[in-house]
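A short reminder: the numbers here are calculations on the coordinates, not readings from a lab. This is a predicted model, so every value here is computed, not measured. Methodologically, a virtual Cβ is constructed for each residue, glycine included, from the backbone with ideal geometry; neighbour enumeration extends over all protein chains shown.
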Amino acid sequence: MSIKTVKSTITGNTYQYIDNGDPKSGTAKNVYFSPDRKYVVAIFKEKQDHNQKERLKKITTDYLSRIKNNEGGNYYLDEIYRWPTDIIEDNGQTGIIVPIYNSKFFFNKGYANQDLIKGEEKNGKWFASASFRNKLFPLNLDQSELGKWLNYFQICVNLSRGVKKMHQMGLSHSDLSYNNVLVDPLTGSACMIDLDGLVVPGVFQAEVIGTADFIAPEVLASKHLGKTDPNRKLPNRLTDLHALACLIYMYLLHRHPLKGGKVHDLDTEKDDLLSMGEKALFVEHPTNKINKIKLNQIKKWDKYWADTDKLPYTITGPYLSKLFEKAFIDGLHNPMQRPTADEWEIALLKTTDLMQQCLNPLCDQKWYVFDNSNTPKCPFCDTKHKGTLPVLDFYYQFKPTVWKPENHRLMVYNNQYLFQWHVDRNITRNEKLSAAQKVPVGYFTFHNNKWVFVNQKLTSLKDLTEDKEIAIGEMLEITDNKKILLSKEEGGRVILITLANK
Amino acid sequence: MRRLPVYFLLDTSGSMYGEPIQALNNALSGMINALRSDPQALDSLWISIITFDREVNEICPLTELAMFQLPEISCPQSGPTHTGKALEILYEKVQVDIIKSTPSQKGDWKPLFFLFTDGKPNDLLVYRNMIPKIKSLNFGAIICCAAGALADDSLLKELTNDVVHLDNADTTTLKQFFKWVSETIEQGSKSQGTGESVALPPPPSEITLVI
Ligand SMILES: Nc1ncnc2c1ncn2[C@@H]1O[C@H](COP(=O)(O)OP(=O)(O)OP(=O)(O)O)[C@@H](O)[C@H]1O
């Protein structure tokens, strides 16, 4: 074992790594850890040509500083990406410096019944697949690793932001899959790794077409054509959006959106190429049902989540349902129609405002999306909600005296917080929020058999129904049909209350 | 949904007695553990192990990886290598095990077949007879591993182009070989190149691939 020192070819900085003769090894790189375990030195096994080095240089200089110097820079670099920060040369071999993975992305326990994967990385596949969540599966993941349904929405928000940022910078990932994303359901985190292969426009074309399950239909359908054929489709921003939609669908519903029962060819390989490519069809297509999942042909471990009648995509709520339709019906063979990463982020966040905690303490998912009915129940364990449920609909001022709906709703649960982005139309809930903007402005609670809102920070809160100002530190009662003005400032919203489940 | 069946035919003839069989057991259990730590492999892999010496034994019928229990493999102190007879059993098993595609049901992936031997077939006639039949089964890949000086590469080449020769059957070599085997099995779930797909990942440098 020895400590080696290597030098950057860009900055002249030096880095150290421990060489114990047995590096972590992937297909392309050998990976060594720094003595302080803050970063790794990943050395390419193959010699990198001029173009490859140029790409690495762009990624570690231009693009890195663009992320760093923009709003939310720290969030992206600490949380969302393991972005390469420098290039080194070592005995003629090229390497990159990458911040080390956060410890939350290693299994604390792993399998429920044995230690085989304890300490291993939390590759996204563990949490996309249904088997590992099934307690009867011999190698099921421990309950302490699985998180709650709400956490999977957070994972998807983080992932969407990661893709959004790349696309804003003009980069496309081109090989988005669960292998390149680490996931931690406990904290709702997702982290994109292996970013040295990004497609930098003008400098580098895609070298891979992607990973099975996530390759866009147009890419598969044209895979037999030569690379210079004008009809050949290679990965780009729009194919990333297909992969993103698949990932979100899989993290929330633990099944694949295109893998249904339809057989297109008796040859397995051909069949697969057709059903993921040219003939791809959403398993939950509302009118064309030929690719519906056949439950009797599904592994017994996967049946619970494969049941699209019991758990249709619509359990993800109205905003996401619309996007799944856009991605897998309208946009499946029409890439321009696919929802952007930005749209996914917004829809996911709005959906978390619709979520309720399941009252059944044994429910595996613990949270569900309000189904807009008067008698809500958890789709996972069928437990009905007990007691009234306040539903808040947001309105914005279109012109004096005319208020229009925002198509945004907030479900209230006990001890739920209200935030600036609910109050003020000019504040968007995204990674750019300042710490001050993330402080709640008040909370809802069920107190003496009544729903109340306690005002902590709103300076011009007014109960319009009772024509009464509510000062900071005071509370107002939440009753059916009440209208409340959250702020008199420009952009301040009005909420209309409906009490469901009366 | 689709299963990926993988068949291992393992030589347990007399010459494997002693250290080699220990090394084989070791390497196999290492490989199974590696596969059982891989969520993709756990999703689709089914494994069968057939041993052959004078007798042919299906010691593990085709079983889902998560349910798979690896038994200790033993071998007699002496005796012939009935590779041909093993191929006969394999031929029967594959025909029964594999779920074929029908217009209403998706079938299995093309199965993979790994043959490990340290000698040459003593039932050469049967062996040669079985070769076209085995080829007709349409395996996704047939990979033969010949370990030690006595293994005959050229006979194995009649069965497949993919013959890997190991200089000996010690623990380190076998471990490396079976690591490569698991990488080969796992390959389908990795990123795919833009060009033609390559059938096998490069074998570790310590192994000579006879092509
Ligand atoms: N930043 C990091 N922090 C900690 N471990 C790392 C880091 N980067 C890589 N590793 C480890 O090194 C291994 C190989 O790295 P990586 O996957 O990036 O290499 P690769 O050759 O591009 O592999 P592949 O493309 O096959 O996934 C990883 O599986 C992981 O265990």
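Annotation for B:D152 and A:K45: the two label points, set 7 Å from Cα along the Cα-Cβ direction, are 3.4 nm apart.
Distance between the modelled labels on B:T63 and B:R128, one decimal in nanometres: 3.8 nm (7 Å Cα→Cβ projection). In this structure, A:T287 and A:N374 have a Cβ-Cβ separation that, at R0 = 35 Å, corresponds to a calculated FRET efficiency of about 0.80. Projecting the Cα positions of A:L410, A:G387, A:T498 onto the charge dipole of the stretch A:387-500 (unit charges on Cβ atoms of Lys, Arg, Asp and Glu, taken about the Cα centre) puts A:L410 furthest along the positive direction.
Annotation: the residues A:E218, A:E79, B:E72, sorted from fewest to most other C-beta atoms within 10 Å of their own C-beta, follow the order B:E72, A:E79, A:E218. A straight chain from A:A471 to A:D267 at 0.36 nm per residue would run longer than the Cα-Cα distance by 66.3 nm.
Exceeding 20 Å between C-alpha atoms, which entries from my cross-link table qualify? They are A:K24/A:K53; A:K104/B:K190; A:K164/A:K350.
Going by Cα-Cα distance, A:K24/A:K53; A:K104/B:K190 fall outside the 20 Å limit.
Note on the stretch A:172-321: with charges restricted to the Cβ of Lys and Arg (+1) and Asp and Glu (-1), its dipole about the Cα centre is near 560 debye. Dipole magnitude for the stretch A:263-401: about 560 debye, using +1 per Lys or Arg Cβ and -1 per Asp or Glu Cβ, origin at the Cα centre. Each helix, a run of at least 4 DSSP H residues, gives -39500 (n - 2.57); summed and divided by the residues of chain A, these come to -5500 deg cm²/dmol at 222 nm. Mind jotting down the distance between the C-alpha centroids of the stretch B:64-118 and the stretch A:323-359, whole Å? Here the two parts' Cα centres lie 45 Å apart. Estimated at 0.36 nm per residue, the fully extended path between A:E71 and A:T383 surpasses their Cα-Cα distance by 108.1 nm.
Secondary structure note: in chain B, about 30% of the DSSP beta bridges are antiparallel. The mean sequence distance of close C-alpha pairs (under 8 Å, at least 6 residues apart), as a share of the length of the stretch A:105-353, puts its relative contact order at 19 percent.
So, with +1 on the Cβ of K and R and -1 on the Cβ of D and E, and no other charges, what is the size of the charge dipole of chain A about its Cα centre, to the nearest 20 debye?
Numbers: 67 positive and 59 negative charges, 117 e Å.
Value, rounded to 20: 560 debye.
Computed from Cα atoms, the angle from the helix A:237-253 axis to the main principal axis of chain A rounds to 60 degrees. For A:N231, neighbours were defined as the other residues whose beta-carbon sits under 12 Å from its Cβ, and their charges (Lys and Arg +1, Asp and Glu -1) total +2.
Evaluate peptide B:35-44: per residue, the Cβ atoms of other protein chains within 10 Å of its Cβ; return the mean as an integer.
Values: counts 0, 6, 6, 4, 15, 9, 0, 9, 9, 1.
Per residue, the number of nearby Cβ atoms from other chains is 6 on average.
Of the residues B:I99, B:Q176, B:H165, the one whose Cα sits farthest toward the positive end of the charge dipole of chain B, with +1 on the Cβ of Lys and Arg and -1 on the Cβ of Asp and Glu, is B:I99. The relative contact order of chain A, computed from alpha carbon pairs under 8 Å that lie at least 6 residues apart in sequence, is 9 percent. The mean number of Cβ atoms from other chains found within 10 Å of a Cβ in peptide B:96-108 is 4, as a whole number.
Please average, across the residues of A:205-213, the number of beta carbons from any other chain that are within 10 Å of each residue's own beta carbon, and give a whole number. It would help to have the intermediate numbers written out before the result.
On the way: counts 1, 2, 4, 6, 6, 3, 6, 6, 2.
The shielding value for this peptide is 4.
Label-to-label distance, A:Q143 versus A:N13, with points set 7 angstrom from Cα along the beta-carbon direction: 4.5 nm. The C-alpha atoms of chain A define a longest principal axis, and helix A:341-352 lies at about 40 degrees to it.
Full extension from A:H447 to A:A435: what is 0.36 nm times the residue separation minus their Cα-Cα distance, to one decimal in nm? Present the calculation step by step, with values, prior to reporting the outcome.
On the way: separation 12, 0.36 × 12 = 4.32 nm, distance 2.93 nm.
Gain on stretching A:H447 to A:A435: 1.4 nm.
When the listed pairs A:K125/A:K377; A:K292/A:K366; B:K85/B:K135; A:K289/A:K322; A:K259/A:K303 are checked against a 20 Å cut-off, the alpha-carbon distance exceeds it for A:K125/A:K377; A:K292/A:K366.
Between the Cα long axis of helix B:124-136 and the first principal axis of chain B there is an angle of about 10°, rounded to the nearest 10. The aspartates and glutamates whose alpha-carbon is closer than 20 Å to the alpha-carbon of A:K310, local same-chain residues fewer than 8 away aside, are A:E284, A:D302, A:E325, A:D364, A:D371, A:D382. Think of the stretch A:362-477 as having a plus end and a minus end, set by charges on the Cβ of Lys, Arg, Asp and Glu; of A:N449, A:P376, A:G473, A:P376 sits farthest toward the positive end of this dipole. In a DSSP loop and with at most 14 other Cβ atoms within 10 Å, the trypsin sites (Lys or Arg not before Pro) in the stretch A:37-139 are A:R37, A:K38, A:K45, A:K47, A:K109, A:K118, A:K135.
Which FRET efficiency value, to the nearest 0.05, is calculated for A:K404 and A:R232 with the Förster distance at 41 angstrom and r the Cβ-Cβ distance?
On the way: r = 47 Å, r/R0 = 1.14.
With R0 = 41 Å, the Cβ-Cβ based efficiency is 0.30.
With an 8 Å Cα cut-off and a minimum separation of 6 or more residues, compute the relative contact order for the stretch A:130-189 in percent.
Values: 37 pairs, mean separation 24.9, N = 60.
It rounds to 41 percent for the stretch A:130-189.
Within the listed set B:P103, B:P80, B:P20, the residue fluctuating most in the Gaussian network model of chain B (springs between alpha-carbon atoms under 10 angstrom) is B:P103.
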